[in-house]
Each structure stands twice: as C-alpha cells, then as structure tokens.
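Down below is the structure, laid out as structure tokens.
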Amino acid sequence: MRGFPLLRASSGAPVLFLAAATVALGTAPRVACAADDRPPNVVLVVIDTLRSDHLGCYGYERGTSPFIDELAAEGVLFEHCYSAASWTFPACMSILSGLLPIVHGCECGTERLSEAIVTLPQYLARQGYYCAGVVSNPHLDRAFGFARGFHDYDDRTAFVQASAGLFRADAAPTHEQVNDIVTGNVVTQRAVSLLGNAVKRDQPFFLFVLYFDPHDSYVPPARYVERFDKGYDGPMDGTNVAALRGRPPAKRDLEHLVARYDGEIAYVDDQLRRLVEAVDRVARDETITIVVSDHGEAFGEHGHMLHGNGVHREEMWTPMIWRAPGRIASGRRVREPVSNLDVLATLAEMVPIRNPRPYQGRSLAPALRGDPLAPAPVLGLRSRPAVATMRHVVVADDRFRLHARFEHSPLAEGAVNQLFDIAKDPWERNPIVDRHQTSALRMRRALDETWRASARLYEQYQSEAPTTAARPDKVARRHIESVGYMAGRLPGRCGG
Ligand SMILES: [Zn+2]
C-alpha cells in the first residue's frame, strides 16, 4: 500500500535506503538503492522551551536560527502552532501520543502513561521501523512511559554526563559547574550514534531527539552569550532565574536573560545543523524531518517568568517545521493554527499508520502537499502540579484566542472567559468582552465539544488500563527535582 501521496522528484525512480554502515560526525556514508514502497524515515526533533518569535523564520532579527531558517525555507512552516500544554511533561506526552493532556492523563509529572494508549514509536515499531530516542530533559525518563516502542531510548547519558560535577558535590555547585550543564553536544553525539544503529538495519527508522538547552538555566557556552550581550556586568548569570520567584527583574537584567536565552537557541541551532547534516549524508531524500517545541517561555509579558504558569501566547506559541525533499512542498508557510499534537495524526496519514487507536489532532498532510488546510480551533492547557483542580485552557482560531478558567468542566459550570483578538493585540494585553460575542460563543462551543469528546476518550482508555503512579529511580528523581519539577506524588490529582 502506498503511503502519503508524495510530491515525487522523479516518478518511478528508486528510493534510496540505508546500507549497513557506521555513522560518525563528518564521516557518514551514502546509501544504496531499494524498493519504491519503503516508508519514509522520520526524524522528530523537540527543542525544549522554544518560543516561535525568537527564530529568524518567525520574524526575529537577532540571527538566532540560521539553520532552522534553512530547514523552513526547504519545507513547510506553520506560522501559528500552539502547544497542547505549557510545560514539558504533558506537552511531550501529547506530541508522542497525539492526545490532549486531559486524555492521556499525564498532567502532574508523576504519572505513568496508561498501557491502553499507543504512542507514535509503538505504532512505527509495529510496522517495521527501528525506533531510537535520545532526550536530555530528565522528565522524559522511561519510568513515565516515554520509552515505549523505542528499541533504543537514551534518557540518561546527556543529563547525567553534563551534570556529573554537580551531583557528586556535597556543597552547593559552583558557577563553573552549573555552566557545564550544556547537553546539546552530548545529545547530538548520542543521536548520531543511534543513527549509526539505524543504518546497520535494513528497515526505516524513527529518530526522536529532545534538546533541553533553552530551558532555564540559561547557560550556553560563553561565546553564545557574548554574541547577543557582550557588555553586561550585572547579577544575572542565567543560573539564578528561579530565585526571581517568577517575577521579572529590572529592565537591563531582563534584557540580559533574554540574550542568554537567545544564546541557547543559537547553540541548539548549531547542534541541530550537525544532526540533520548527519542524517542528510545517509538518507536526505528518504527522511521526513520535523522540528517542534513543547512550550514557549515567558519574560515578564504577563508579570511572570519561565513557563507552565499560564496559557498566554509566549508560553504556548511554538515552532513547527516539516522538511521532506521531494515529498512535501518547499518554502511554504501555513497561517492556519495547528497544534504540536498534530504530528501523530499527520504521520498516521503519511506513513501511513495501520489501524491506529483513537487519537486527537488532525492531519496536516493537505498543507504539506500545498493544499489549503481547513480552519479548525486548537486547544491547549496549563497542566501543572498544585493547580490541576482549576483548569486554565485556551482555544485559538486564526484570529482569536479564548482563555477559560473553570473547576472541573466548562459544561457544568460557568467558565470565566477572556477573549483576545491576536490580529490587533498579538500579546494578549487587552481582553475584549463585548464587541465579539459571536466569536466568543463560537469558541466556547469548540471548547465544549472538545472537552466532551476528550472526557469520553479519557474514560475509554482508563477503563482499559488506568494511569498508574510512575516509579522513577533515585537518579531520575534527583535530576527531575533539580530542574524544578516535583516527582513522587500520586497520580490523578496533582495535590499541592
Ligand atoms: Zn519543556
């Protein structure tokens, strides 16, 4: 069965496949030829904590992302991709499961994914893919179910190696030690090593890579800081953001933190270039490369820093770029709002995935082919420990974003709503409540329908296999806590 109707560079031409070889940076081999019906390789890159508006291809003028900009020029960029959640744990589970956090149930940072839910690597493994992953956010530990379907899943090397100096010391870590927490280079090395495993096999591969660096602390290698803010001599060294207790610092200090964040993005952009060039050397024309993020980052736009604190645009607006030479359009930009959980639905059509279990999101394949994408509202949540009983949800269409707060269900109680017209007020500073009632009602209906359908789907999966408490080991727990997340509480309610 043929997969996604492709834009073929030369109809009937043989598709390249991977010959057994060892891949090392700079020494990757070319590949041999195979049958035409081989499904495409998939490289899915999540750059943690990456807000769209700090990338050149989304209009930023600081030169943070020359390589991501190249990828976008060669493929399809979604101008308005919103995350399913505003922090890592639920958002990454949504990307891999194609389900909203209220359906997959991993919202507190403590849950192990229901065994009834099938993730993207599980689907692909069933269909003959070799699946490998490397992550450097410790919250993507295998204890939570993130490793399901992967033949090789490295959730440990990057963070353990980078932070070894910190966790051996009894005393507080030094500034120099903290500065060593640069994981991107290790992630790239491990990813290329796993790519080497892939080329030894005569099968398509799925490579999942999560770069953690833009997440606080903002401590890229020094030259990446100097690129964006050379003369700063104030107190902000990028390691002490949490000490601000969520409040933005003075203007000059804030500028420096933004420069450090931009330095992290530039650093990861260089790492991504190394990774994609390694893939290109072995399978450029047989690979779909996808770059997304799990959430954005706040720099005081609404009075707070970091992420996971709300659903405003700075925390939810994430990049989405697809590149697949000869298979999808190139240089195309799509305005319709989409979600990062649409990745699974889109690959379900492109690969295609056979007999999938129920998932959410929608296929973006029409847009990748160059066809119009029908308008559809996109829903995202603030899922967060200690506040899970008060829902904070956003629904976005191509013009408006409706924020809603409610205790349990928008259906059973009056949600508190705020509507923003992002065409006129892109950073959601002035809610409109009177003049656009029609739009508000339309989006409330979209929220109600999605919520109702999600509740049914959650119950269906829970009735088959309930979510359980994850049991991360000591090392994982220590690392998770070190990056500001809690572990070890009971699932269901986040407590606090
Ligand atoms: Zn994250």
If each of Glu407 and Arg62 carries a label point 7 Å out from its Cα toward its Cβ, how far apart are those two points in nm?
4.3 nm
I need the phi-derived Karplus couplings for the range 355-362: 6.51 cos²θ - 1.76 cosθ + 1.60, θ = phi - 60°, integer Hz, Gly and Pro marked x.
6, x, 6, x, 9, 10, x, 9
D (µm²/s, integer) via Stokes-Einstein for the range 328-459, Kirkwood Rh across alpha-carbon pairs, 25 °C, 0.890 mPa s: value 150 µm²/s
Roughly speaking, what is the centre-to-centre gap between the range 258-293 and the range 79-118 when only Cα atoms are used, to the nearest Å?
23 Å
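Report the local net charge at Ser94: Lys and Arg +1, Asp and Glu -1, summed over other residues whose C-beta lies under 11 Å from its C-beta.
Values: positive: none; negative: Glu107, Asp294, Asp342.
Combined, the nearby Lys, Arg, Asp and Glu give -3.
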Using modelled amide H (1.01 Å from N, peptide plane; none on Pro or chain starts), what sits under 5 Å from the amide H of Thr64, excluding residues fewer than 5 places away?
Gly56
Can you classify the range 40-98 as rounded, prolate or oblate using the Cα gyration tensor, where a ≥ b ≥ c are the square roots of its eigenvalues, rounded means a/c under 1.5, and otherwise it's prolate if a/b beats b/c and oblate if not?
oblate
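Working out 0.36 nm times the residue gap between Glu226 and Ala374, then minus their Cα-Cα distance, what length gain in nm do you get to one decimal? Could the numbers behind the result be given before it?
On the way: separation 148, 0.36 × 148 = 53.28 nm, distance 4.40 nm.
Computed gain between Glu226 and Ala374 is 48.9 nm.
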Per residue, the convex hull volume that the Cα atoms of the range 198-247 enclose (Å³):
139 Å³
Can you bin the range 198-302 into rounded, prolate or oblate? Criterion: square roots of the alpha carbon gyration tensor eigenvalues sorted a ≥ b ≥ c, rounded for a/c under 1.5, prolate for a/b above b/c, oblate for the rest.
prolate
Dipole check, the range 223-333, charges on Cβ (K,R +1; D,E -1), about Cα centroid: among Met305, Tyr267, Gly326 the Cα furthest to the positive pole belongs to Gly326
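Taken together, the values in this text are just the output of simple stated rules run on the coordinates, not laboratory data. None of the values given here were measured: they were computed from a predicted structure. Cβ atoms come from the backbone with ideal geometry, glycine included; neighbour counts cover every protein chain shown.
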